[in-house]
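Participant: Let me begin by handing over the structure; questions about it come next.
The values are calculated or read from the model by the stated rules, or taken from the named source; none is laboratory data. In this text, all values refer to a predicted model and were calculated from it rather than measured experimentally. Methodologically, a virtual Cβ is constructed for each residue, glycine included, from the backbone with ideal geometry; neighbour enumeration extends over all protein chains shown. Accessible surface areas use protein heavy atoms only, side chains included; no ligands, DNA or RNA. Shrake-Rupley method; radii C 1.70, N 1.55, O 1.52, S 1.80 Å.
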Amino acid sequence: QVQLVESGGGLVQAGGSLRLSCAASGRTFSMYRYPMGWFRQAPGKEREFVAGIDSSMDHTRYADSVKGRFTISRDNAKNTVYLQMNSLKPEDTAVYYCATYGTTYYGPLPQDPNEYDMWGQGTQVTVSS
């Protein structure tokens with residue numbers, strides 16, 4: 001089975017940067033096959049789409065709230081997807097999750113979390129004023 005493990009979260013001052021990583025493992029897992037998405041969830045709020053990258057790395061998609069500040073990328077050889085987070089704002093505070101679904105996909109990723117069936121356990125990002 002596939003396991004996804006996020007890392008890189010922490011406490012940062014507004015305007016600062018963090019780089020999140022999501023490492024995938026599993027006997028049958030090949031990173032290149034799977035679209036990868038980042039989601040976040042703040043206390044009392046629904047889980048929301050942040051960014052996604054497709055199987056070919058030709059398509060990326062971002063939530064309007066992070067566009068121009070966050071960058072998603074992947075290293076298939078390392079089975080890892082990244083989220084570079086710049087110009088962080090207090091409203092970015094949330095638990096960040098990586099996710100995928102078990103089929104190749106070419107195009108902008110879906111924003112509905114129900115489309116994803118493999119999730120990491122999350123990493124906390126806290127942005128102070």
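Participant: Does the stretch 7-17 hold any residues that are in a strand (DSSP E or B) and open to solvent by less than 30 Å² (accessible area, probe 1.4 Å), and which are they?
Facilitator: GLY10, VAL12
Participant: For the stretch 37-52, which positions are free of Cβ contacts under 8 Å to residues at least 60 places away in the same chain, hydrophobic (A, V, I, L, M, F, W, C) and open to solvent by 10 Å² or more (accessible area, probe 1.4 Å)?
Facilitator: Answer for the stretch 37-52, where residues must be free of Cβ contacts under 8 Å to residues at least 60 places away in the same chain, hydrophobic (A, V, I, L, M, F, W, C) and open to solvent by 10 Å² or more (accessible area, probe 1.4 Å): just ALA42.
Participant: Scan the stretch 40-66 residue by residue and report those that are farther than 18 Å from GLY120 by Cα and of a type in the set (A, V, I, L, M).
Facilitator: Correct list: MET57, ALA63, VAL66.
Participant: From (1) surrounded by fewer than 17 Cβ atoms within 10 Å (Cβ to Cβ); (2) in contact with a Ser or Thr (Cβ under 7 Å, 6 or more places away or on another chain); (3) under 24 Å from VAL127 (Cβ atoms); (4) touching a residue at least 24 places away in the same chain (Cβ under 8 Å), pick out the condition that doesn't hold for ARG33.
Facilitator: Condition not satisfied by ARG33: (3).
Participant: Moving on to the next point. Can you find even one residue in the stretch 66-87 that is more than 23 Å from GLY15 (Cβ to Cβ), among the hydrophobic types (A, V, I, L, M, F, W, C) and not in a strand (DSSP E or B)? So that I can check it myself, show each step before the final result.
Facilitator: Kept after step one, since they are more than 23 Å from GLY15 (Cβ to Cβ), are these residues of the stretch 66-87: 74-81.
Now drop any that are not among the hydrophobic types (A, V, I, L, M, F, W, C), which leaves 77, 81.
Now narrow it down to the ones that are not in a strand (DSSP E or B): 77.
Within the stretch 66-87, one or more residues are more than 23 Å from GLY15 (Cβ to Cβ), among the hydrophobic types (A, V, I, L, M, F, W, C) and not in a strand (DSSP E or B).
Participant: Regarding GLY26, is this residue touching a strand residue (DSSP E or B) at 6+ places or on another chain (Cβ under 7 Å) and surrounded by 14 or more Cβ atoms within 10 Å (Cβ to Cβ)?
Facilitator: Judged against the criteria, GLY26 is not a match.
Participant: Taking the stretch 85-109 only, how many residues are in contact (Cβ under 8 Å) with a residue 60 or more places away in the chain, more than 15 Å from GLU46 (Cβ to Cβ) and open to solvent by less than 30 Å² (accessible area, probe 1.4 Å)?
Facilitator: Of the residues in that region, 6 qualify.
Participant: Can you find, within the stretch 113-129, the residue that is surrounded by the most Cβ atoms within 10 Å (Cβ to Cβ) among those that are touching a residue at least 24 places away in the same chain (Cβ under 8 Å) and not in a strand (DSSP E or B)?
Facilitator: To start, the set of residues in the stretch 113-129 that are touching a residue at least 24 places away in the same chain (Cβ under 8 Å) comprises 113, 116, 118-129.
Then keep just the ones that are not in a strand (DSSP E or B); that gives 113, 116, 120-122, 129.
Numbers: PRO113: 17, TYR116: 22, GLY120: 20, GLN121: 11, GLY122: 19, SER129: 6.
The residue in question is TYR116.
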